[in-house]
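Taking it in order: structure first as structure tokens, then the write-up.
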Amino acid sequence: MHEKQATLVLPMLLPFARAAQRHGPKVVAALQSRAAEQLTVAGLPAQEQPLANQRVPHELAIELLELAMALTGDAALALHAGASVEVGDFGVYEYLLRSCATLGEALTVGAQHIALLHDAAEVEVLDQGEHILWRHHLELARAERAGMHEFVMASFITATRRIVQADVSPLAVHFIHAAPSYHAEYERIFRAPCFFGADYNAFVLPRSAMHRPLPTADAALFRLMKQQAHELLERLPRRQPFRCRVRDAIAAELSQTGASLKAVARRLELSQGTLRRRLREHGTTHSELVDLVRRDRVRDLLARRSEASLETIALEVGFSHATALHRACRRWFGVTPEQYRRDMQPQT
């Protein structure tokens, strides 16, 4: 299954250059030479495109990061790059977030527009009661190549502190990779307990942080930046996030195979082990996604097809009989499918 090449905005490389500068001009010259060579091979975007919106291949960013680490001997270079992010590095994306009314709005808007920075990234902001989980996944960055994860997380907390203009510290930080030898550097930068070998990369924030007003809030600028962000996103080649592809495969297999792991993996042209691993990296499982797809399909069928029997609906979503549908509806909606269907009918 072929996908469009993942890209990120060119200014995301600036913090790496800034961190490398501390190691002398020879390092910077070597990185500039390699970057220029690879950018020529890749082909720069149209010249009328502002520099801040130009994009480069994901693999080039990884190559330059690893080269910088080798040249400097600084294993924590990605952390240091993330901590050296400056105002304006992330262009439209950053100014969109700065113009939001609260930190919570900025986190949500940032998740919705993350492709402005990297079109293979996924961000979720999850409500966990007293806590908020900001979860990031970059499907092209393997757990054993920790640099990109370190940079994303360090740049996020650095940018958040700049936007809020206060010393914001998460309650905890989670990483999917193993603890490195320089793990003390993590706690210096994040000022929070850091845990390794997790199922996802994430910050845990107190719910109260979501209501913190931003000193740079500007409703007029927000509308302008949101329109500009929309236009930039429209120009990007379409990349479907991995979980969306899995959900589509599950939906296609529900009535035929019950969306078994084997059938979904075959449709995605993956091994069952690879599918399990990639879903685990996304913080979910095959059975969890099957349940979500079933729930959404049942909700739709009960609302639209008032004449369909419950047995028919059960078969369409991969249940072997209506009894299983009854149990699932009580778990999902707190009522029987008959009651849910009645509640969904227009009142006369």
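Let me know the shape class of segment 48-180, please: from the alpha-carbon gyration tensor, a ≥ b ≥ c as square roots of the eigenvalues, rounded when a/c is under 1.5, otherwise prolate if a/b is greater than b/c, or oblate. Oblate is the answer for segment 48-180, as a/c is 1.5 or above yet b/c matches or exceeds a/b.
The length gained on full extension between residue 324 and residue 191, counted as 0.36 nm times the residue separation minus their Cα-Cα distance, comes to 43.1 nm.
The amide H of residue 84, built 1.01 Å from its N in the peptide plane, has no neighbour under 5 Å, considering only residues 5 or more places off or on other chains. The heavy atoms of residue 247 present about 80 square angstrom of accessible area, all protein chains included, probe 1.4 Å. When the chain is treated as a GNM with alpha-carbon contacts under 10 Å, the residue of 25, 193, 241 showing the greatest mean-square fluctuation is 25.
Annotation for residue 199 and residue 178: the two label points, set 7 Å from Cα along the Cα-Cβ direction, are 2.2 nm apart.
Note on residue 244 and residue 227: their simple-model spin labels are 2.5 nm apart, each label 7 Å out from Cα toward Cβ. Round to the nearest 0.05 the FRET efficiency obtained for residue 296 and residue 29 when R0 = 35 Å and r is the Cβ-Cβ distance. That gives a FRET efficiency of 0.05. Across the chain, the mean sequence separation of Cα contacts (distance under 8 Å, 6 or more residues apart), normalised by length, yields a relative contact order of 15 percent. Nonpolar atom fraction for the chain, defined as the carbon and sulfur part of the 1.4 Å probe accessible area, stands at 53 percent. Descending by average beta-carbon neighbour count within 10 Å, the peptides 268-278, 102-112, 162-172 line up as 102-112, 162-172, 268-278, the highest first.
The shape of segment 205-274 comes out prolate: with a ≥ b ≥ c from the C-alpha gyration tensor, a/c is at least 1.5 and a/b beats b/c.
The values are calculated or read from the model by the stated rules, or taken from the named source; none is laboratory data. Keep in mind that this is a model prediction, so the values were computed, not measured. Neighbour counts run over all protein chains shown; Cβ positions are idealised from the backbone, glycine included. Just so you know, the surface numbers come from the protein's heavy atoms only, side chains and all, with ligands and any DNA or RNA stripped out. Shrake-Rupley method; radii C 1.70, N 1.55, O 1.52, S 1.80 Å.
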